[in-house]
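Let me begin by presenting the structure, written as structure tokens, before commenting on it.
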Amino acid sequence: MTKDPIYLLDASIYIFQSHFSPYVECTDDAGNELSAVYGFTEFLLQFLRRVNPIHIAIGLDASLFSGFRHQLCPNYKSNRELPDENLAMQLAACNEVCAVLGLSAFASRVYEADDIIGTLATRLRRQSESQKPVIILSKDKDLAQLLENDSDCLWDYSGNRKRYRSNIYKEYGVYPEQIPDYLGLAGDSVDCISGVPGVGPVKAKELLAHFGTLEEVYQNLDKVAALPLRGAGKLGVLLEKHKSHAELSKQLATIVKTVSESAEPFSESDLGSIGRKEIETVAFAEFLEHYHFPFSISQRFVSLVNRLPAEDRA
């Protein structure tokens, strides 16, 4: 692996992991919750110290119930709730702390963090003459579809688990680029994506092993009955009946990689714009004071910043 990978971070994983964890506790003097922003800030500081990335960008989610997928399917992610006032405040603070720590962060009311990461990965690969590896910090399997090269990796940092293209194939039986097809058939209960009722992971894997894509499955329905699958004789009829569900499910599961709208700053980013900048130490101290972090935690955060290389601080 080359020395300077491109790190793309799925912030929601680390924000909500902290928010819901019984082991991450932080409140201000008035008893207001700060656990989400506390855990996220600590994660960022530890990551900067241990990995020392040169190029890094962060995708934040701000499109719940307002994004284009919800317009396609009102049931999409209907198992989620809008953040209450406190969590909304913490999410804004998580966005703010990225800038203070010299990190480029992007959010959109239309596109999800996955689409931000997908678009950045596509753009930055084109601009990287040395074909820098793309390291995506997340444990979300959906993002595996962005692993185009053998050196690319999906890194569950907290779980200390790295998954490359070969690992995804071993785990799911499909190649990373087939993940949208796989979810189009099998569905994804986490995001309320229906898939085709009666087609689970085993059948989806077998169909894609033979036909490659969802579109090719539907172009070869007459051959489905011959597959070595239990219930293969009725599977073609089932697929035909739920074709619209399969096509919509794949569309919902497909990460957008070519956003070109000038209103979305991430669509115009380049390697220079995601280069890590100096930490504004005064602004960081003001940030901690503004959100009324307990003194002991503020001191520890300042200590973590001071342990970073001097060139990273201003």
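The values are calculated or read from the model by the stated rules, or taken from the named source; none is laboratory data. Since the structure is predicted, the reported quantities are computational estimates derived from the model, not experimental observations. Positions of Cβ are generated from backbone atoms using ideal geometry, with glycine treated the same way; all protein chains shown enter the neighbour counts.
Rundown of residues vs (1) under 29 Å from Leu308 (Cα atoms); (2) surrounded by fewer than 20 Cβ atoms within 10 Å (Cβ to Cβ), yes/no style:
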{"site": "Ser21", "(1), (2)": "yes, yes"}
{"site": "Val24", "(1), (2)": "yes, yes"}
{"site": "Asp28", "(1), (2)": "yes, yes"}
{"site": "Leu34", "(1), (2)": "yes, no"}
{"site": "Gln46", "(1), (2)": "yes, yes"}
{"site": "Asn86", "(1), (2)": "no, yes"}
{"site": "Gln90", "(1), (2)": "yes, no"}
{"site": "Ala105", "(1), (2)": "yes, no"}
Count, please, the residues in segment 258-276 that happen to be of a type outside the set (A, V, I, L, M, F, W, C) and under 16 Å from Asp4 (Cβ atoms). 5
Considering only residues of segment 265-276 that are in contact (Cβ under 8 Å) with a residue 24 or more places away in the chain and out of contact with any strand residue (DSSP E or B) (no Cβ under 8 Å at 6 or more places or on another chain), which is nearest to Phe47 (Cα to Cα)? Asp270
In the list Leu229, Leu207, which residue meets the criterion of being modelled with pLDDT of 95 or more and not assigned by TED's automatic domain parsing to the domain that holds Lys77? Leu207
Which numbered condition Glu247 fails, given (1) within 22 Å of Phe68 (Cα to Cα); (2) free of Cβ contacts under 8 Å to residues at least 60 places away in the same chain; (3) in the same structural domain as Leu185 (by TED's automatic domain parsing); (4) acidic (Asp, Glu): (2)
Close pairs from segment 51-73: first in contact (Cβ under 8 Å) with a residue 24 or more places away in the chain and assigned by TED's automatic domain parsing to the domain that holds Asp156, partner assigned to a strand (DSSP E or B) and surrounded by fewer than 19 Cβ atoms within 10 Å (Cβ to Cβ), Cβ under 7 Å, at least 6 apart: Ile54/Gly275; His55/Gly275
I need a count of the residues in segment 1-34 that are without any contact (Cβ under 8 Å) to a residue 24 or more places away in the chain and either within 18 Å of the chain's Cα centre (by Cα) or in a helix (DSSP H, G or I) (or both). 2
Could you say which residue among Tyr164, Tyr218 is closer than 30 Å to Ser267 by Cβ and either of a type in the set (Phe, Trp, Tyr) or surrounded by fewer than 13 Cβ atoms within 10 Å (Cβ to Cβ) (or both)? Tyr164
Got a sec? Which of Ile135, Ile168 is among the aliphatic types (A, V, I, L, M) and within 16 Å of Asp4 (Cβ to Cβ)? Ile135
Name, by its number, the condition in (1) within 28 Å of the chain's Cα centre (by Cα); (2) outside the structural domain of Pro74 (by TED's automatic domain parsing); (3) among the basic types (Lys, Arg) that does not hold for Lys277. (2)
Yes/no for Tyr164 being in the same structural domain as Ala11 (by TED's automatic domain parsing), of a type in the set (Ser, Thr, Tyr) and in contact with a strand residue (DSSP E or B) (Cβ under 7 Å, 6 or more places away or on another chain): yes
Being closer than 26 Å to Lys277 by Cα and modelled with pLDDT under 95 is true for just one of Leu82, Leu124, Leu137. Which residue is that? Leu124
